[in-house]
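Coordinate-derived values only; no laboratory data. All values derive from a computational prediction rather than experimental measurement. Cβ placement follows ideal geometry from the backbone for every residue including glycine, while neighbour counts extend to all protein chains displayed.
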Amino acid sequence: MFALSTNPDYAAFSVRPVNKATDRPVVREIFRREFYGDKRLSYPDEGLWEIYDRMEIAGSFGAYFVCRGEQVLFLLEIHPPIQMDLTSDYFADPGAVGIYFFTLSRDETICYPAFRACIASLFAEPAITRILTSLGQASEYDPKTRLLEKSGFSRQSASSGRTTVYCCTRASFHAEKVLSTGILFAFPSALTE
């Protein structure tokens, strides 16, 4: 099961697995906002729960709510890359893991520290060397795009027309931390990896 590292900087955040029996309304609202925006349409249940039934849940894999106190910030899904509708060149590296994240709030200042805590916690696993995600046709002004790029993800050149693939490595994640703090000597591994 995925858990945040014990870094004191992450103490404000928690992670808990999605519970299909009790979390249906929250998951449905997250997907409604993700796919319909401000339109007051309902997100259908058809197909949604079947995805979670088939989801890999060994180790860190699974679906999790990332929270600050009782407030759900976003839904984080952690997958083997082969389950992410990516071409095989993206998951040829055995150290790759895939994520999808779906926010309740479009305010990146709320989600950014929690998202960084999740990425740092994934990289705390020695076997994980890179994290992949894909977005639909997002503009450079999309809050998710900014959140990814601020966290060390870079757009991959082999992206298809429908989705944009982003990748983060330990080096790019730590390099972004160096850039954002201005303390170059804090993460010397970022310069050598």
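Length gained on full extension, Ala21 to Thr129: 35.5 nm, using 0.36 nm per residue less the C-alpha separation.
The label point for Thr87 and the one for Ala3, both projected 7 Å from the Cα toward the Cβ, are 4.0 nm apart.
The trypsin sites (Lys or Arg not before Pro) found in the range 21-58 that occupy coil by DSSP, while having at most 13 further C-beta atoms within 10 Å, are Lys39, Arg40. Packing-based ranking of 15-23, 146-154 yields 146-154, 15-23, ordered from highest to lowest mean Cβ neighbour count within 10 Å. Once the convex hull of all Cα atoms in the range 60-133 is built, its volume per residue stands at 90 Å³. Shape call for the range 1-158 from the C-alpha gyration tensor, a ≥ b ≥ c root eigenvalues: rounded (a/c under 1.5), prolate (a/b greater than b/c) or oblate? Rounded is the answer for the range 1-158, as its axis ratio a/c remains below 1.5. Expressed in Å, the radius of gyration and Dmax of the Cα atoms of the range 6-54 are 14.2, 40. For the range 1-92, the C-alpha radius of gyration sits at 1.21 times the compact-globule guess of 2.2 N^0.38 Å, with N the residue count.
Inter-label distance, Glu50 to Ala12: 4.1 nm, where each label sits 7 Å from its Cα along the C-beta direction.
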